[in-house]
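To start, the structure under review is shown below, and the notes come after it.
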Amino acid sequence: MNHFHRGPDGALWAEDVPLEQVAAEVGTPTYVYSRATIERHYRAFDAAWASVPHLVCFAVKACSNLAVLNLLARLGAGFDIVSLGELERVLRAGGSPDRVVFSGVGKTVPELERALAVGVRCVNVESPAELAMLDEVARRLGVRAPVSLRVNPDVDPKTHPYIATGLKRNKFGIPYDAALPTYEDAMGRAGIEVVGLDFHIGSQLAETGPFVEATERMVSLLDELHARGVPIRHLDVGGGLGITYRAEAPPEPAEYAAAVLERIGDRAVEIVTEPGRVIVGNAGVLLTRCVLTKDNGETRFVVVDAGMNDAIRPALYSAWHDLEPVAPPRAASAVVDVVGPVCESGDFFARDRELPELAAGELVAMRSAGAYGFVMSSNYNSRPRAAEVLVDGDRYHVVRARETVEDLMRGETLPDLDAPPSA
């Protein structure tokens with residue numbers, strides 16, 4: 001359920017705010033998020049684990065706007081981060097570092113130093129090389145680094161290959177067969193405190209089977225670690241629960257949690273989860289305006305003012321996003337390609353899609369754009385990035401101002417190429 005709906009005028013609203021009003025006052029393209037939807041989704045996910053000690057760590061990579069992170073921090077969320085920038089965002093948004101888990105396959109020394117300095121809850125170590133690097137950093141700083149090893153269970157998540165992370169061929173995690181010796185290595189290091197076991201198999205999973213298979217493998221490893229005296233206090237089951245973009249029917253959070261908890265049983269570990277898309281995906285839309293329509297005799301195009309630099313998922317993953325007019329839809333329809341202005345043939349949001357007829361100047365909403373939308377945007381073609389808006393009941397807040405052309409060139413300089421070379 002989300003709080004984007006047709007209002008009393010037949011037009012598309014976010015909560016109690018007409019999207020036409022947002023576009024008129026803020027412009028397009030603009031990402032619009034619904035506070036009520038984010039809160040509802042977080043609470044539903046958190047409640048699914050209520051029977052056990054747990055911590056829900058929102059995956060910041062899904063949507064990193066400060067206002068969204070602050071809203072989640074107010075709800076009691078922890079955070080799953082993968083970079084120094086994401087850590088600083090969480091801190092700026094009011095998140096507590098002791099509720100942060102630091103994932104990622106390529107953490108740098110400065111990132112690890114900062115994470116230990118602020119006191120993150122756990123570093124999810126992804127290789128023996130990273131373990132050795134973290135040990136050296138921790139001993140130099142005079143602390144012990146809380147560590148969970150991210151173990152790759154080699155389970156097929158049955159999702160797009162670009163967002164599968166739990167197969168042996170993927171770059172993520174420590175191979176399952178190497179987990180025990182790596183834990184033994186960790187236990188012998190003065191700068192390391194082993195606290196957890198972690199896995200994450202991919203994103204946009206639409207069934208419980210892969211989660212269950214991965215959990216079963218991890219529980220077997222957990223039992224072996226406990227038998228060897230390794231103090232595993234939490235089991236991080238990752239994230240990846242999918243949402244409905246088109247015809248998918250992913251399990252509800254309660255169904256997913258029940259399936260995982262059945263395999264964990266009465267083992268005395270806290271559960272850490274890393275949801276992202278399932279919290280914010282359907283809590284946002286991308287608002288764009290039709291610039292013009294054109295027909296080349298073979299294809300009818302609806303050209304909008306958002307491009308692949310604003311929302312790359314269709315180009316990158318061939319991802320489906322529902323598109324609908326903001327105004328009351330016309331009865332007449334047409335089969336069209338919805339494309340942007342970027343100078344790439346891959347700059348499209350829909351191909352051969354039957355939509356209500358659209359004319360120049362009319363608004364279009366791209367649904368399910370709250371996750372991996374703005375966070376993956378760029379300035380390709382020297383295009384300023386979109387604004388972001390958070391709707392709260394009958395009002396809205398601009399939570400990121402639209403970039404300007406001047407912003408694009410900030411930090412660039414023109415060197416004196418005619419100056420003589422220095423002696």
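If Gly284 satisfies all but one of (1) touching a residue at least 40 places away in the same chain (Cβ under 8 Å); (2) over 30 Å from Glu15 (Cβ atoms); (3) of a type outside the set (A, V, I, L, M, F, W, C), what's the number of the condition it fails?
All conditions are met except number (2).
Among the candidates Pro253, Pro275, Pro314, single out the residue that is touching a strand residue (DSSP E or B) at 6+ places or on another chain (Cβ under 7 Å) and closer than 23 Å to Val82 by Cα.
Pro275 is the lone residue from the list that is touching a strand residue (DSSP E or B) at 6+ places or on another chain (Cβ under 7 Å) and closer than 23 Å to Val82 by Cα.
Please tell me if Val101 is in contact (Cβ under 8 Å) with a residue 60 or more places away in the chain, touching a helix residue (DSSP H, G or I) at 6+ places or on another chain (Cβ under 7 Å) and not acidic (Asp, Glu). It would help to see each step written out before you state the result.
Working: in contact (Cβ under 8 Å) with a residue 60 or more places away in the chain: yes; touching a helix residue (DSSP H, G or I) at 6+ places or on another chain (Cβ under 7 Å): no; not acidic (Asp, Glu): yes.
Spelling it out, it is not the case that Val101 is in contact (Cβ under 8 Å) with a residue 60 or more places away in the chain, touching a helix residue (DSSP H, G or I) at 6+ places or on another chain (Cβ under 7 Å) and not acidic (Asp, Glu).
Yes/no matrix, rows are residues, columns are (1) modelled with pLDDT under 95; (2) assigned by TED's automatic domain parsing to the domain that holds Asn309; (3) of a type in the set (Asp, Glu):
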{"site": "Trp320", "(1), (2), (3)": "yes, yes, no"}
{"site": "Val342", "(1), (2), (3)": "no, yes, no"}
{"site": "Arg351", "(1), (2), (3)": "no, yes, no"}
{"site": "Gly370", "(1), (2), (3)": "no, yes, no"}
{"site": "Arg383", "(1), (2), (3)": "no, yes, no"}
{"site": "Glu388", "(1), (2), (3)": "no, yes, yes"}
{"site": "Gly393", "(1), (2), (3)": "no, yes, no"}
{"site": "Tyr396", "(1), (2), (3)": "no, yes, no"}
{"site": "Pro415", "(1), (2), (3)": "yes, no, no"}
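On the basis of being in a loop (DSSP other than H, G, I, E, B) and either under 22 Å from Val101 (Cβ atoms) or at pLDDT below 85 (or both), does Leu167 make the cut? Please lay out each step first, then the result.
On the way: in a loop (DSSP other than H, G, I, E, B): yes; either under 22 Å from Val101 (Cβ atoms) or at pLDDT below 85 (or both): yes.
When the stated conditions are applied, Leu167 passes them.
Among the numbered criteria (1) under 24 Å from Ser377 (Cα atoms); (2) outside the structural domain of Ser203 (by TED's automatic domain parsing), which single criterion is violated by Gly104?
The failed condition is (2).
Tell me which of these Ala190 doesn't satisfy, since it passes every other one: (1) among the small types (Gly, Ala, Ser); (2) crowded, with 21+ Cβ neighbours inside 10 Å; (3) farther than 28 Å from Ala369 by Cβ; (4) modelled with pLDDT of 90 or more.
(2)
Considering each residue of the range 10-30, count those that are of a type in the set (Gly, Ala, Ser), surrounded by 15 or more Cβ atoms within 10 Å (Cβ to Cβ) and farther than 22 Å from Arg385 by Cβ, and give that number. Break it down into steps so the answer makes sense when it comes.
So the first thing to find is which residues in the range 10-30 are of a type in the set (Gly, Ala, Ser), and the list is 10-11, 14, 23-24, 27.
Those left that are additionally surrounded by 15 or more Cβ atoms within 10 Å (Cβ to Cβ): 11, 14, 23.
Filter again for farther than 22 Å from Arg385 by Cβ, leaving 11.
Here the count works out to 1.
If you scan the range 63-119, which residues turn out to be buried (at least 19 other Cβ atoms within 10 Å of the Cβ), among the hydroxyl-bearing types (Ser, Thr, Tyr) and closer than 30 Å to Glu136 by Cα?
Passing the criteria: only Ser103.
State all residues of the range 346-367 that are farther than 16 Å from Thr30 by Cβ and either charged (D, E, K, R) or within 26 Å of the chain's Cα centre (by Cα) (or both); if no residue qualifies, say none.
Answer for the range 346-367, where residues must be farther than 16 Å from Thr30 by Cβ and either charged (D, E, K, R) or within 26 Å of the chain's Cα centre (by Cα) (or both): Gly346, Asp347, Phe348, Ala350, Arg351, Asp352, Arg353, Glu354, Glu357.
Only one residue in Leu261, Leu235 is of a type outside the set (Asp, Glu), closer than 17 Å to Glu213 by Cβ and out of contact with any Ser or Thr (no Cβ under 8 Å at 6 or more places or on another chain). Which one?
On the way: Leu261 fails: out of contact with any Ser or Thr (no Cβ under 8 Å at 6 or more places or on another chain).
Unique residue meeting the criteria: Leu235.
Just to be sure before I move on: is Arg233 at pLDDT 95 or above and basic (Lys, Arg) in the structure I sent?
yes
Would you be able to say whether some residue in the range 37-45 is assigned by TED's automatic domain parsing to the domain that holds Arg233, more than 30 Å from Arg140 (Cα to Cα) and of a type in the set (Gly, Ala, Ser)?
Yes, the range 37-45 contains a residue that is assigned by TED's automatic domain parsing to the domain that holds Arg233, more than 30 Å from Arg140 (Cα to Cα) and of a type in the set (Gly, Ala, Ser).
The values are calculated or read from the model by the stated rules, or taken from the named source; none is laboratory data. What you are looking at is a predicted structure, and each value in this text was computed from that prediction instead of being measured. Cβ sites come from the backbone with ideal geometry, for glycine too, and all protein chains shown count toward neighbours.
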